[in-house]
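The values are calculated or read from the model by the stated rules, or taken from the named source; none is laboratory data. It should be emphasised that the depicted structure is a prediction, and the values quoted were computed from it without experimental measurement. Because the Cβ atoms are built from the backbone with ideal geometry, glycine has one as well, and the counts that use them run over all protein chains shown.
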Ligand code: UDP
């Protein structure tokens, strides 16, 4: 019989791609999402959808009464790093509180496998070497620390309650489903690749390069862009080992690309020039952030199917070209509270 997976935040960017891949691989999928930042249209038609705020204890209990879950993938969280610097207590309170409520429900329902959408933002970004799982943890924002706190909660949930967990620390999630029916639609958009594509398509005047005097080969910041379908694949790859043990992995390709390289890749894929402006550094940015993904490769054989920047940009371009309005017109102000990663 097919396993049933609860995907919280399954209407968000990474969550919707994970839900789609789970459906494609034959899992039963239940998506729980409050739609504060996610999109109903991003949820696969074959998945069941429950509109739920994880702070709603009764709703959560009802969800676990209505379904028997074999595993949980937890994507729903407040995700904006910059906003977390203005309202730290909300970010920390919501992200840890929702995780605790979800874990309590999981424990009561005897669900023993839990996959956490975690982040590279929990590491000390100093230095330019690829970051492995042993790298020092030093979150630079309440957002990054809230994810680390959830990782610590999961440690105790494993040790005392026997809930096995996978903490997957993403580097820069990018790209879209190869079919082009789902993709990245953040409001407001802050991520580089969609912004560059929007500039190429004439939807923005230009892309501003945040700093061109970094100690990197071309002076612009270097990041490890990892395809969202590869992230989705990693979430599924950990489900089996989670029967026996908890794991934590850094998820990236191991290769970094500069802002200028991203712009060039978009120009090549789109066949048009991207208007560019040079601007000051963005506060909080670090020169280089690249994963060392050796552990998940060695232990689970996971490697990216979309290892190159070009493949990532091609799928993102397809989504943006097919969906110039993303998932549709702007949402009402009521529903625009930031809430879901990534
Ligand atoms: N960036 C930029 N212009 C933009 C958006 C981002 O130059 O309009 C840069 C940003 O400074 C960083 C990189 O692109 O070095 C990736 O930024 P993004 O916000 O996509 O991800 P982050 O690495 O901050 O998680």
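Tabulated data
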quantity	calculated
Residue in the range 201-222 that is part of a helix (DSSP H, G or I), farther than 20 Å from residue 133 by Cα and more than 12 Å from the ligand (Cβ to nearest atom) present	no
Residue check for residue 242: more than 12 Å from the ligand (Cβ to nearest atom), farther than 18 Å from residue 11 by Cα and not in a loop (DSSP other than H, G, I, E, B)	yes
Hits in the range 154-184 - residues which are in a loop (DSSP other than H, G, I, E, B) and over 16 Å from the mean Cα position of the chain (by Cα)	162, 163, 178, 179, 180, 181
Qualifying residue in the range 13-29 (condition: more than 21 Å from residue 164 (Cα to Cα), in contact with a helix residue (DSSP H, G or I) (Cβ under 8 Å, 6 or more places away or on another chain) and not in a helix (DSSP H, G or I))	yes
Considering residues of the range 185-200 that are in contact (Cβ under 8 Å) with a residue 40 or more places away in the chain, within 23 Å of the chain's Cα centre (by Cα) and closer than 16 Å to residue 323 by Cβ only, the residue nearest to the ligand (Cβ to nearest atom)	193
Among the candidates 22, 78, 54, residue that is crowded, with 24+ Cβ neighbours inside 10 Å, within 16 Å of the ligand (Cβ to nearest atom) and within 20 Å of the chain's Cα centre (by Cα)	78
Those residues of the range 170-184 which are farther than 13 Å from residue 322 by Cα and more than 12 Å from the ligand (Cβ to nearest atom), in sequence order	175
The range 223-239, subset assigned to a helix (DSSP H, G or I) and within 16 Å of the ligand (Cβ to nearest atom), residue surrounded by the fewest Cβ atoms within 10 Å (Cβ to Cβ)	231
Answer from 151, 133 - the residue that is surrounded by 17 or more Cβ atoms within 10 Å (Cβ to Cβ), touching a helix residue (DSSP H, G or I) at 6+ places or on another chain (Cβ under 9 Å) and in a helix (DSSP H, G or I)	151
Hits in the range 247-280 (condition: part of a loop (DSSP other than H, G, I, E, B) and either within 24 Å of the chain's Cα centre (by Cα) or surrounded by 18 or more Cβ atoms within 10 Å (Cβ to Cβ) (or both))	252, 253, 254, 255, 256, 274
Only listed residue being modelled with pLDDT of 95 or more and within 15 Å of the ligand (Cβ to nearest atom), chosen from 131, 92	131
Test: residue in the range 322-335 that is within 19 Å of the chain's Cα centre (by Cα) and without any contact (Cβ under 8 Å) to a residue 12 or more places away in the chain	no
Meets criteria (in contact with a helix residue (DSSP H, G or I) (Cβ under 8 Å, 6 or more places away or on another chain) and closer than 25 Å to residue 41 by Cα) for residue 157	no
